[in-house]
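The values are calculated or read from the model by the stated rules, or taken from the named source; none is laboratory data. Please read these numbers as outputs of a predicted model, since none were measured by experiment. When we count neighbours, we look across all protein chains shown, and the Cβ atoms used for this are built from the backbone with ideal geometry, even at glycine.
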Amino acid sequence: MKAERSKVTAARILQAASDLFSEKGYANVSIRDICHVTKTTAPVIYYYFGSKKKLFDAVARKQISMEDFIGDLARFSGTDSPRAEIGSFVAKYLSSFPEHSFHPGLYLRDSASLDRQSAEMAERDLERIRRIAVGMIERGIEAREFRKTDAVAAADCLLGMLNRVIFQHIHFSKTSDRDAYRRFVTDFFFRAMENRP
């Protein structure tokens, strides 16, 4: 019973800290703010997390992890025709991108600059996604489903189109018909990559 209550308390603190850091940024949130929201005391927070920095790190690890998303994208690789793989990749990207992973409040520390560690983690994750897309495109070129071109540049163009809608939604609260955008991006990409005799 006590262990269960401890898990609930730690989870409640983690969620409150995540919400506050996302809303206000690291520098603008105090332990007192988190105590107020969670109805706990500072010693309770220090008991579970040790410090504000360690609490922030726990929030970032929980929020910024894109392992499941990247794993889902990678599962499409090599399973079907390259065109079908790209179609599934685009659909998954637009329907399941972990938007919470890129909330600016989780990156900001004491200034308006990105926290280096968080930015590096995000960069590594985005590079892994890019490599998945490059591999799919390279297989399409080898299978002659796609025209011969620079697979890295083609992947960058594809991801640029996808990221535009994702980041406009995250940072500017713009809504769009993702299904219509998925159809447009997929059609646009396939036309650009068409293997003409």
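Couple of notes before you dig in:
- Residue check for T40: at pLDDT 90 or above and not in a helix (DSSP H, G or I): yes
- Taking the criterion of being small (G, A, S) and over 15 Å from the mean Cα position of the chain (by Cα), the residues of the stretch 74-90 that qualify are S77, G78, S81, A84, G87, S88.
- Considering the stretch 52-95, the residues that are outside any helix (DSSP H, G or I) and among the hydroxyl-bearing types (S, T, Y) include one that is modelled with the lowest pLDDT, namely S65.
- Pair list, Cβ under 6 Å, 6 or more apart: the stretch 182-197 residue farther than 16 Å from E142 by Cα, other residue part of a loop (DSSP other than H, G, I, E, B) and aromatic (F, W, Y): none
- Considering residues of the stretch 19-30 that are buried (at least 18 other Cβ atoms within 10 Å of the Cβ) and among the hydrophobic types (A, V, I, L, M, F, W, C) only, the residue nearest to D57 (Cα to Cα): F21
- Flag for R183 being at pLDDT 75 or above, in the same structural domain as A74 (by TED's automatic domain parsing) and part of a helix (DSSP H, G or I): yes
- Checking every residue in the stretch 41-64 against the condition of being within 30 Å of L94 (Cβ to Cβ), surrounded by fewer than 17 Cβ atoms within 10 Å (Cβ to Cβ) and under 15 Å from the mean Cα position of the chain (by Cα) gives at least one match.
- Scanning the stretch 139-180 for residues that are outside any helix (DSSP H, G or I), at pLDDT 95 or above and buried (at least 17 other Cβ atoms within 10 Å of the Cβ) yields one hit, F146.
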